[in-house]
Amino acid sequence: MARLPRLIVPFQPHYVIQRGLNGLSLFQDSADYEAFLGWLRSSAKQYKVAVHAYALLPGELHLLVTPADEDGLATMMQLLGRHYVPYYNQKYGRAGTLWHGRYKTSVIDAANYLLLCSRYIELAPVRAGLAGRPDDYAWSSFAHHVGQKSDGAVTDHALYWALGNTPFQREAAYTELSAYGLGSSEIKTIEAAVLKGWPLGSDKFKTDLEHKAKRQVLPAKRGRPFKKPIEA
């Protein structure tokens, strides 16, 4: 099946995932994580991409972002690669790309999935066995959302602000949401969309997105089109 062109919708949240080449560890020490986060902060600001949540795992990175135009997200990801790949290769004596193909994106129905995707991303280290609790893992946005530290890489989404009238209320509400974890069906729904580059949302959201983008956003159904019988 032909791969659909990447869909970028300005002012709409997107889930982005990028994996290391053939299981390569993208980050080998704290300095690597810090370097990448520094370039993420600067490139996101430069290209007007709001980063709402992130998790940097050894073999992959997850971002929840809202670009202000059609080109900013791609340009931001290119700039991250142009800075981080040479840094990594020089440090560890290697050559070539770090990435396993191109990054994947999924346009998100914010009302129904933004906070769910934020928690999915920040719980990724726990699912991967890297930490017992999300606040035990240093390289995600979880600590920012629950009030343990301020993270300059993060721009809070309006739906996060709607969790409470004060920072304490928002942080407490987010902590409570995260304590419930995610159900297996929620995890499967998110992964099916993100890994295949499909929109994540209701049927109405997907239909509206097709009309707005004036293009196909989901793969065509398998099989030949149904032919009406010839009338005598």
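Coordinate-derived values only; no laboratory data. Please read all numbers here as calculations on a predicted model, not as lab measurements. Every residue, glycine among them, receives a Cβ derived from its backbone with ideal geometry; neighbour counts consider all protein chains shown.
Observations, loosely collected:
- Just one residue in the set Leu7, Leu40 is assigned to a loop (DSSP other than H, G, I, E, B) and aliphatic (A, V, I, L, M); that residue is Leu7.
- Just one of the listed residues (Tyr15, Tyr47) is under 23 Å from His144 (Cα atoms), in contact with a Cys (Cβ under 6 Å, 6 or more places away or on another chain) and not acidic (Asp, Glu), namely Tyr15.
- One residue from Ala193, Ala124, Ala143, Ala128 being of a type in the set (A, V, I, L, M, F, W, C), more than 22 Å from Ala50 (Cβ to Cβ) and surrounded by 12 or more Cβ atoms within 10 Å (Cβ to Cβ): Ala128
- Within the stretch 81-96, residues that are free of Cβ contacts under 8 Å to residues at least 60 places away in the same chain have Cβ atoms under 9 Å from residues that are acidic (Asp, Glu) and assigned to a helix (DSSP H, G or I) in these pairs: Tyr84/Asp32; Tyr87/Asp32; Lys91/Asp32, counting only partners at least 6 apart in sequence or on another chain.
- A count restricted to the stretch 116-135 and to residues that are in contact with a helix residue (DSSP H, G or I) (Cβ under 8 Å, 6 or more places away or on another chain) and more than 19 Å from Ala192 (Cβ to Cβ) stands at 8.
- So Arg19, is it assigned to a strand (DSSP E or B), more than 30 Å from Leu163 (Cα to Cα) and either charged (D, E, K, R) or touching a Phe, Trp or Tyr at 6+ places or on another chain (Cβ under 9 Å) (or both): yes
- For the stretch 174-203, the tally of residues that are free of Cβ contacts under 8 Å to residues at least 60 places away in the same chain, touching a helix residue (DSSP H, G or I) at 6+ places or on another chain (Cβ under 9 Å) and of a type in the set (S, T, N, Q) stands at 3.
- Which numbered condition Tyr174 fails, given (1) surrounded by fewer than 17 Cβ atoms within 10 Å (Cβ to Cβ); (2) closer than 22 Å to Thr66 by Cα; (3) of a type outside the set (S, T, N, Q): (1)
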